[in-house]
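Have a look at the structure below, then the notes.
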Amino acid sequence: MTDLSVTISPEAPGDAQAIERLHERTFGPGRFVLSAYRIREHVDHLRDVSFTARIGTLLVGSVRQLPILIGETPALLLGPLTVEPPFRSRGIGRLLMERALKDAGDKGHRLVLLVGDEPYYSRVGFKQVAKGRITMPGPVDAARVLVFELVDGAFEGVSGVVAPDWSKARRA
């Protein structure tokens, strides 16, 4: 997977600025118009299922998850998942994602949704959502809407509009 000594840890409050700078470098200012960001601007991510990757003390990656509803069904929205460009293709993103999914399942979450590249995310089990089954706020390529069942059958019968889950939002 990786030949680097990578430490995956829960995100700490002091990581916020470094993660924001990583997002700026990786995604640029255009990230704010994306459908997933429309949801993120309204509710905080959950630090207990969000993680950082470090090599020594250097933050090289991050993944966040936040509470959403798909119609009436609680779920998590995974993302952004990002790794510093010089450290990509070394398995760090996969380590972050696997830890995030494992801990989410351990904490009783049942579903994780994301908007991303199916060939990359399918390697850990994400599956494409049928077009029209889920509606995101704003434009989104339906082929990039993916779901991961943390509990078998958790996505059966689930459909609707994706929105922040205010009942599980962390209060500042």
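The values are calculated or read from the model by the stated rules, or taken from the named source; none is laboratory data. These numbers come from a predicted model, not from an experiment. Don't worry about glycine lacking a Cβ; one is built from the backbone with ideal geometry, like all the others, and counts go over all protein chains shown. Keep in mind that these areas ignore ligands, DNA and RNA; they rest on the heavy atoms of the full protein, side chains included. Shrake-Rupley method; radii C 1.70, N 1.55, O 1.52, S 1.80 Å.
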Within the chain, what's the longest run with no trypsin sites (Lys or Arg not before Pro) in a DSSP loop and at most 12 other beta-carbon atoms within 10 Å? Give the range, please. 1-106
Over the chain, average the accessible area per residue using a 1.4 Å probe and give it in Å², no decimals. 51
In whole Å, largest first, the alpha carbons of the chain cover along the principal axes 44, 33, 30
With at most 10 other Cβ atoms within 10 Å, longest stretch of the chain clear of loop GluC sites (Glu not before Pro) (DSSP): 73-155
Starting from the Kirkwood radius over alpha-carbon pairs of the stretch 103-166, derive D by Stokes-Einstein at 25 °C in a medium of 0.890 mPa s and give it in µm² s⁻¹. 198
Compute a Gaussian network model of the chain, connecting alpha carbons closer than 10 Å, and tell me which residue from LEU77, LEU146, LEU58 fluctuates the most. LEU58
Summarise the accessible area of the stretch 70-172 (1.4 Å probe, protein heavy atoms) by the percent that is carbon and sulfur. 50
Just need the relative contact order of the chain here, percent rounded to a whole number, with Cα pairs under 8 Å and 6+ apart. 26
